[in-house]
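Q: Structure in structure tokens, see below.
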Amino acid sequence: MLQGCQLPIACRAISYWKNLSLPYPEPGIRLIKQGDIENFNQQLTTYRQQLEDAVANLDQHFESLKATASEQLGSLYNPADYPVSLVGLFAVEWDFASVEPPEYLLRLNPELYQQETARISARFDQAVQLAEEAFVAELSKLVGHLTERLTEGVNGEKKVFRDSAMTNLTEFFTRFKSLNVSSNAELDRLVETAERVLSGTEPEAVRNNSALRQQITTQLSAVSATLDGMLVDQPRRKILRGLRGGVPA
């Protein structure tokens with residue numbers, strides 16, 4: 001289980017987990033490609049050790065922090081409000097769960113096995129819908145933010161345009177290609193179009209070229225309009241069964 005985001009390391013672990021996986025319609029479970037499991041396990045192990053080290057270091061100063069709180073709070077200070085130690089209160093834990101019906105069930109009760117197979121198949125169909133909705137929503141947000149930043153203000157003034165408005169999109173393109181289940185041709189086309197619009201273009205060139213900004217804004221506005229329609233009515237799709245690893249967290 002990945003629990004808690006009170007510390008930056010835990011937040012980074014959760015972000016890494018979500019960026020490398022797709023949603024699944026059961027709490028705490030996401031789908032990860034089998035080929036990514038080894039790297040995922042190594043990175044999460046690193047995060048876990050970093051978190052343990054950070055908590056141990058903080059725990060060494062915990063008594064001093066409680067003493068400071070006591071001075072500041074006076075009679076409002078209650079020692080019972082604070083744990084004796086911070087060790088063990090924060091954790092990065094994970095497991096690899098199977099989302100396939102157990103083989104023994106096929107031998108013991110073929111009918112129940114088929115029911116479980118159908119149930120899991122339906123879950124994967126739901127997972128596809130969740131993945132599409134997440135991709136469409138994220139792409140819509142990123143494209144909308146970039147076009148808004150490139151559009152001149154009411155009086156023609158330029159808005160603040162940071163490199164991240166473009167780099168966040170290019171990072172999305174990479175993640176989409178890695179995780180995409182190829183279930184929605186329209187979404188694939190929109191991602192390809194947006195990527196083509198920005199291909200070979202550096203933020204600095206966009207920042208200093210009004211004609212280029214206008215060109216990008218016009219092309220991405222068409223993408224944004226289609227995405228808005230998809231957010232309203234997004235059909236259920238079928239998943240390609242090659243993406244089957246379950247990771248509860």
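The values are calculated or read from the model by the stated rules, or taken from the named source; none is laboratory data. The structure displayed is predicted, hence computed values, not measured ones. In this analysis, Cβ positions are derived from the backbone assuming ideal geometry, glycine residues included, and neighbour counts consider all displayed protein chains.
Q: Inside the range 99-108, can you point out the residues that are in a helix (DSSP H, G or I) and either within 33 Å of the chain's Cα centre (by Cα) or surrounded by 11 or more Cβ atoms within 10 Å (Cβ to Cβ) (or both)?
A: Selection gives E103, L105, L106.
Q: Something else: Whether any residue in the range 40-57 is among the acidic types (D, E), outside the structural domain of E171 (by TED's automatic domain parsing), crowded, with 16+ Cβ neighbours inside 10 Å and in a helix (DSSP H, G or I) is what I want to check.
A: Yes, that holds for at least one residue.
Q: Considering only the range 69-95, how many residues are under 30 Å from Y24 (Cα atoms) and out of contact with any Phe, Trp or Tyr (no Cβ under 9 Å at 6 or more places or on another chain)?
A: 6
Q: Right, here's the next one. So G156 ticks every box in (1) without any contact (Cβ under 8 Å) to a residue 24 or more places away in the chain; (2) surrounded by 13 or more Cβ atoms within 10 Å (Cβ to Cβ) but one. Which box is left unticked?
A: Evaluating G156 over (1) without any contact (Cβ under 8 Å) to a residue 24 or more places away in the chain; (2) surrounded by 13 or more Cβ atoms within 10 Å (Cβ to Cβ) leaves (2) as the failure.
Q: Can K177 be described as closer than 30 Å to Q219 by Cβ and part of a helix (DSSP H, G or I)?
A: So K177 passes the test.
Q: While we're looking at this one, here's another question. Residues in the range 75-98: is at least one small (G, A, S) and either in a helix (DSSP H, G or I) or farther than 30 Å from Q43 by Cβ (or both)?
A: Scanning the range 75-98, I find at least one residue that is small (G, A, S) and either in a helix (DSSP H, G or I) or farther than 30 Å from Q43 by Cβ (or both), so the answer is yes.
Q: Out of curiosity, is L112 surrounded by 11 or more Cβ atoms within 10 Å (Cβ to Cβ), touching a Ser or Thr at 6+ places or on another chain (Cβ under 8 Å) and outside the structural domain of S178 (by TED's automatic domain parsing)?
A: no
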